[in-house]
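The values are calculated or read from the model by the stated rules, or taken from the named source; none is laboratory data. Everything numeric in this text was worked out from a predicted model, so none of it was measured. Cβ placement follows ideal geometry from the backbone for every residue including glycine, while neighbour counts extend to all protein chains displayed. Note: areas computed on protein heavy atoms with side chains; ligands, DNA, RNA excluded. Shrake-Rupley method; radii C 1.70, N 1.55, O 1.52, S 1.80 Å.
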Amino acid sequence: MKRASLFAVFAALGLVLTGLSQCRMVTVPDNAASSTQLSVEADNQRSKCRHVCDRKWAKDKRAEEKRYRRAYRACHGDRACQVAAHDTHEANEDVLAATRKACKNGCYNEGAVSGGR
């Protein structure tokens, strides 16, 4: 069972790295006509970026649910195996949530280290 848990940890790490590699920083073109146009374009880019994050999360969540169902069924009623499969599933879901949040945070590029102050 330790081998399966180790595999699950590496799989979760792979999901995080894949998720973070999909994120991109939002840039605003230098030749934009006005601050209103800049704001609208930046909002549109952020919105698209957030939607990409949400779609990636939904796809990864479906894959994790499928993996969990297979792992649980493979336990054939062994309670310790089922608990381990559930714990791995919970850990993977935590990783997915963190990856989604990091991806969405990557959709913003405000250019200020001090939070706009």
According to a simple spin-label model (label point 7 Å from Cα along Cα-to-Cβ), what is the distance in nm between Asp94 and Arg62? 2.7 nm
Leaving ligands, DNA and RNA out of it, rank Asp94, Asp60 by accessible area with a 1.4 Å probe, largest first. Asp94, Asp60
